[in-house]
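All remarks here apply to the structure that follows.
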Amino acid sequence: MGRSSKGKATGDLAPVIILVRPQLGENIGMAARAMLNCGLSEMRLVAPRDGWPNPKAQRAASGADVVLDKAQVFGSVAEAVAGLQRVVATTARTRELVQRIVTARRAAADMRGWIASGERVGILFGPERTGLENDDAVHADTALTIPLNPQFSSLNVAQAVLLVSYEWMTSGEAPPEERMSEHATRPATKDELQNLFDHLERALDQSGFLRHKAMRPAMVNNLRALLQRAYMTEQEVRTFHGVIKFLSKSKHEE
């Protein structure tokens with residue numbers, strides 16, 4: 001069915017995304033794309049307005065075919081959540097129902113715990129115009145809200161799916177908050193940095209920059225600390241060697 005997709009199925013180890021009475025095929029496709037971006041692959045549709053399958057969803061999915069190919073269609077929310085032990089309902093406003101209300105981040109942590117204990121989990125997303133009705137939300141044991149501008153908190157359903165799915169993904173094994181970009185070179189080793197320091201100090205001695213003996217130790221240490229903080233790569237160290245060599249040569253030729 002269409003283009004092949006990259007991505008792995010998550011099965012029982014991830015929440016099921018349930019779109020209730022979605023109106024536009026494009027939103028279904030974009031929701032599928034958002035899901036696969038975050039490692040989710042099980043989608044359930046409750047009474048999609050324009051029927052299923054939907055070619056507009058296929059086009060909007062941009063290759064997330066593995067999600068759409070497996071999507072299941074149900075006639076009601078009750079049928080869609082059958083077999084699940086936990087259901088989270090997304091909502092932008094407080095309803096008459098008395099429910100536990102959490103943020104998407106807290107919900108993600110809770111879902112990790114439920115799934116780890118062997119429970120199946122689903123997340124309900126309402127129609128584009130109205131959101132979930134009370135008759136839909138009553139099937140959930142937890143309500144999820146996304147803190148947004150109180151004067152304008154409207155989200156497209158695909159945006160909501162992306163935000164909740166992203167919180168789910170990042171609640172797992174967290175990626176490093178900072179890293180070097182991955183190019184052909186590697187981080188410099190400490191002995192390579194030491195050789196660079198030695199080269200720089202020799203050049204600075206020859207130029208007369210370190211002529212004040214009392215100040216020399218502090219100046220040398222400050223320069224070393226500066227270069228250490230730069231987290232130089234092996235290529236950058238070699239480039240710096242070339243700069244020092246060139247400047248030293250130019251100085252001798254004056």
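The values are calculated or read from the model by the stated rules, or taken from the named source; none is laboratory data. Every value quoted in this text rests on a predicted model; they were computed, and no experiment measured them. Here the Cβ positions follow ideal geometry from the backbone for every residue, glycine too, while neighbour counts run over all protein chains shown.
Regarding region 1-16, can at least one residue be identified that is modelled with pLDDT of 95 or more and not small (G, A, S)?
Checked region 1-16: at least one residue is modelled with pLDDT of 95 or more and not small (G, A, S).
If K245 passes every condition in (1) touching a Phe, Trp or Tyr at 6+ places or on another chain (Cβ under 8 Å); (2) modelled with pLDDT of 90 or more but one, which one does it miss?
(1)
Output the residues belonging to region 103-137 that are without any contact (Cβ under 8 Å) to a residue 12 or more places away in the chain and either crowded, with 17+ Cβ neighbours inside 10 Å or in a loop (DSSP other than H, G, I, E, B) (or both).
Of everything in region 103-137, those that are without any contact (Cβ under 8 Å) to a residue 12 or more places away in the chain and either crowded, with 17+ Cβ neighbours inside 10 Å or in a loop (DSSP other than H, G, I, E, B) (or both) turn out to be S117, G118, T130, E133.
So if I check each of A140, A158, which one is modelled with pLDDT under 95, out of contact with any Ser or Thr (no Cβ under 8 Å at 6 or more places or on another chain) and in a loop (DSSP other than H, G, I, E, B)?
The conditions single out A140.
All but one of (1) under 24 Å from E167 (Cβ atoms); (2) surrounded by fewer than 22 Cβ atoms within 10 Å (Cβ to Cβ); (3) aliphatic (A, V, I, L, M) hold for A82, so report the exception by its number.
Here A82 meets the rest and fails (1).
Tally time: how many residues in region 199-220 are among the charged types (D, E, K, R), surrounded by 14 or more Cβ atoms within 10 Å (Cβ to Cβ) and either closer than 12 Å to I244 by Cβ or outside the structural domain of H241 (by TED's automatic domain parsing) (or both)?
1
Which one of these is in a helix (DSSP H, G or I), modelled with pLDDT under 95 and crowded, with 22+ Cβ neighbours inside 10 Å: L68, L36?
Unique residue meeting the criteria: L68.
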